[in-house]
1. Compute log10 of I(q)/I(0) for segment 20-100 with the Debye formula, placing one identical point scatterer on every Cα and leaving out solvent, at q = 0.15, 0.20, 0.24, 0.26 Å⁻¹, to two decimals.
2. From the phi of every residue in segment 87-98, what ³J(HN,Hα) in whole Hz does the Karplus formula 6.51 cos²θ - 1.76 cosθ + 1.60 yield, where θ is phi - 60° and glycine or proline is x?
3. Can you list the residues, at least 5 places off or on another chain, whose amide H is less than 5 Å from the amide H of GLY72, using H built in the peptide plane?
4. Amide H to amide H under 5 Å from LYS41: which residues, 5+ apart in sequence or cross-chain, H placed 1.01 Å off N in plane?
5. Under a cut-off of 23 Å between alpha-carbon atoms, report the lysines in cross-link reach of LYS96, not counting same-chain residues fewer than 8 places apart.
Amino acid sequence: MKNALFISAALLAALSAPSAFANEQLAQKKNCMSCHTIDQKRVGPPFKDVAAKYAKDKDAVKKLSEKIVKGGSGVWGPVPMPPNQVSPAEAEQLAKWVLSVK
């Protein structure tokens, strides 16, 4: 019985967790991948570097969501990141995904 409950709980958690692949698809759809990659600098920093920089910041999702929507400059060098055509919910989803990249 305990095994069945454990398996059911694990399955429910897996099914309700957002898929990393789905978030990467959203990043591609919203053209994030035009300037960023997972692990190499392109125009902007690699997502793994962003995740490492904000790993201990409890407000990271909020900060990154705002930057995704509004754009920003000066944090990663002289090239500004333009505002992106995303909803606040999409920006939050993208921020959470970026922070999960290792």
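Please treat every number below as a calculation from the coordinates, not as lab data. Computed from a prediction, not measured in an experiment: that's the story for all the values here.
1. Debye intensities relative to I(0), on a log10 scale: -0.45, -0.86, -1.34, -1.63.
2. Computed from phi, the couplings for segment 87-98 are 7, x, 5, 5, 4, 5, 4, 5, 4, 4, 5, 4 Hz.
3. MET81
4. Residues meeting the criterion, in which the H sits 1.01 Å from N, do not exist here.
5. Those lysines meeting the cut-off are LYS29, LYS30, LYS41, LYS48, LYS53, LYS56, LYS58, LYS62, LYS63, LYS67, LYS70.
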